[in-house]
1. Sort out which residues of the range B:127-139 are buried (at least 19 other Cβ atoms within 10 Å of the Cβ) and either within 14 Å of chain A (Cβ to nearest Cβ) or in contact with a Ser or Thr (Cβ under 9 Å, 6 or more places away or on another chain) (or both), and write them in order of number.
2. Kindly indicate which of B:Gly61, B:Gly85, B:Gly81, B:Gly70 is more than 29 Å from B:Asp125 (Cα to Cα) and open to solvent by less than 20 Å² (accessible area, probe 1.4 Å).
3. Restricting attention to the range A:123-153, and to residues there that are more than 11 Å from every other protein chain (Cβ to nearest Cβ) and either in contact with a His (Cβ under 6 Å, 6 or more places away or on another chain) or small (Gly, Ala, Ser) (or both), which single residue is surrounded by the most Cβ atoms within 10 Å (Cβ to Cβ)?
4. Evaluate the range B:177-191: report whether one residue or more is over 14 Å from the mean Cα position of the chain (by Cα), assigned to a helix (DSSP H, G or I), under 30 Å from B:Asn350 (Cβ atoms) and not charged (D, E, K, R).
5. Based on this model, can you work out whether B:Gln410 counts as in contact (Cβ under 8 Å) with a residue 24 or more places away in the chain, within 24 Å of B:Arg455 (Cβ to Cβ), open to solvent by less than 70 Å² (accessible area, probe 1.4 Å) and not in a loop (DSSP other than H, G, I, E, B)?
6. Conditions first: (1) modelled with pLDDT under 90; (2) under 24 Å from the mean Cα position of the chain (by Cα); (3) assigned by TED's automatic domain parsing to the domain that holds B:Phe494. B:Thr394 passes all but one, so which condition is the exception?
7. Identify the residue in the range A:136-177 that is out of contact with any Ser or Thr (no Cβ under 7 Å at 6 or more places or on another chain) and of a type in the set (Asp, Glu) and, among all such residues, is farthest from A:Val107 (Cα to Cα).
8. Can we say A:Ala110 is among the aliphatic types (A, V, I, L, M) and away from every other protein chain (no Cβ under 13 Å)?
Amino acid sequence: MISPQRYAKALFEIAIEKSLINEWLKQINNISLILDNEDVIVLLDSPQVPENVKFDGIETLFSDIDLLVKNLIFLMTRNRDITKFNLFKDIFNDLVDKHFEITRVQVKTANQIPTNQIEKLKESLLEFVEGSTVEISQIVDENILGGIIIRIGDKVIDASSKTKINNMKDFLLKGAA
Amino acid sequence: MPSAGQDIASVIKKQIEEFGGELSMVDVGTVIEAADGVARIHGLSGVKYSEVLSFPGGVLGMALNLEENGVGAVILGDYLGIKEGDEVKSTGKIIQVPVGNDMLGRVLDPLGRPLDGKGDFSSSDTFPVEKIAPGVVERKSVDQPVQFGLKIVDAMVPVGRGQRELVIGDRVTGKTSLCVDALINQKDSEILGVYVAIGQKASKVAQIVSRLEENGALDNTIVVTANASDPAPLQYLAPYAGCAMAEFFMSQGKDVLIVYDDLTKHAWAYRQMSLLLKRPPGREAYPGDVFYLHSRLLERAARIDANFGGGSITALPIIETQAGDVSSYIPTNVISITDGQLYLEPDLFNSGVRPAVNSGLSVTRVGSSAQLKGMKKVAGSLKSEMAQYASLATFAQFGTEDLDSVTKRQLERGARLTEILKQDENSPLPYENQVTIIFIANSGGFDDFPVEEVRRYETEWHEYVNANLPEVMSDISKSEEINEENEIKLNDAFSAFKSTMTK
């Protein structure tokens, strides 16, 4: 078992050398859509299926992708790591983002935010993230009542009214005891 | 946290004013696997070792394995509600417990939450559960005794403040009982107690709590318990949490006696955790750091120099052996860490010698320098008499008819001394009474009584001497010595006592 991080790093280094980052990124995202099909994963991960059958399958499924990317799929199949392809894809995407200095931010609010406010938010976020571009994806969730939850990678800034009210509730319940 | 008396409105006012004021960035992760009280979490890239994690539903966890692709965490509480995909937040806090004077007399879980239904307590502070033990500079050598109130311990295997004395023996040999007796004897002393139950039956813990309560010792004791039904991570934390609570008192310059009951089960709990966290198993499937598990805990027992605030923690770890095997892995580890051991034997226990301490195999490495002078004086000859008796007794099993009179006398004396050293549960004996009874027994006072009557006469002698020689008793207790004048007085009193008895 090899960590998907290793595969991603290795492939990414080749992609930089050949300056094929964006092409490969697209291909990898397409592959992951195909691999979302459970039957394909079962076939590729099954120890009962002979290797040449698996490889033939890969050849037919991914006929139009670059040889080196295909080789990665062969390799992951042989090492029986293909089930972690989605994780690999995420890490590869992160590496690409890091390379182009893009920070992806997920913003959760109770109501849709107008575009001009999003631009403002981008500007203020730029101050404390590394990189030059901030890409915001919006999620609307009425359950948080108000405020905003910003998620940057593993970090979360929770400024939602729901959390604040919960915190206050905990505080008051503890205080009353 | 506001106390009951504080103006709650002002607190709420402050909260409203600061509403939304505290914004902080927290690390989050996602549960990718949860089983048997252990979770593997993806993300949480900024989390620290042994940081507290918050799972949905208010369940807490502790980050232990920080790996390339995520974090291995143990769940401190009900792990059945945790599913794959749950969001886990880091709290930024290294695991800690509340400490304070109000915790005395309470029964708590390893996270400091009350279990006795007596409601919340106010704690002045929190202490980290894991703490590096005091260094060489802050320490002072052991020179004050912890009185167990048990003749056999105080005379033969004395324990000093700041010492780590292992209590080792098979099941049902009275290990817990001996330690609880030691805690009970502290009810009128300045020493505070902490009793940590690890993986014990809840019924046994309840029994101990009521024993402490009935004997008036619960009020200056904290009971920390992680029962057999609690998750292994809680059992693993219990002794460290108890020690942190004791360290609070030590930091105030107080003396604390802490009982870890028992470290065998603690090692089991740690083994379970380690195996589930996929740490490599070693001998007997224990992880590689099982020695450090106990050594770092027991190192925290210390006597602090007065220049650094004074205070002490005396540790009584308990180890349960299987069929008397003291040379298996965990017992040898703990034996090598501690400053001696009280070895309890099932044979002695079953033949009615209780506490069943084998005085020949029990050792104290630093305690004898802490023994009070008067006791030291009388205990010296007691020890040699008992040692001689032990070697003769095996020999004399084949019959005593052909033995010479000196040997016979030694056997007779030894049998009576053994009787004198027996003691019931919950009946600690004050220092001065211990000294006088051992003094009389050493000088052959009980040689004329039949062996089976010795204990009855002992009780009556204590009553007699307390009633008739109060000034001698208080003198011994105060000066901690037994001078010649008092020796003569005691001998005279015993002759008088003997004549009233034999009449």
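1. Within the range B:127-139, the subset buried (at least 19 other Cβ atoms within 10 Å of the Cβ) is B:127, B:129, B:134.
Of everything in the range B:127-139, those that are buried (at least 19 other Cβ atoms within 10 Å of the Cβ) and either within 14 Å of chain A (Cβ to nearest Cβ) or in contact with a Ser or Thr (Cβ under 9 Å, 6 or more places away or on another chain) (or both) turn out to be B:Phe127, B:Val129.
2. None of the other options fit; the residue is B:Gly70.
3. The selected residue is A:Gly131.
4. no
5. So B:Gln410 fits the description; yes.
6. So B:Thr394 meets the others, but not (2).
7. The residue in question is A:Asp170.
8. So A:Ala110 passes the test.
The values are calculated or read from the model by the stated rules, or taken from the named source; none is laboratory data. Model, not experiment: these values are computed from the prediction. Here Cβ is always computed from backbone atoms with ideal geometry, including for glycine, and neighbour counts include all displayed protein chains. The accessibility values were calculated without ligands, DNA or RNA, using every heavy atom of the protein model including side chains. Shrake-Rupley method; radii C 1.70, N 1.55, O 1.52, S 1.80 Å.
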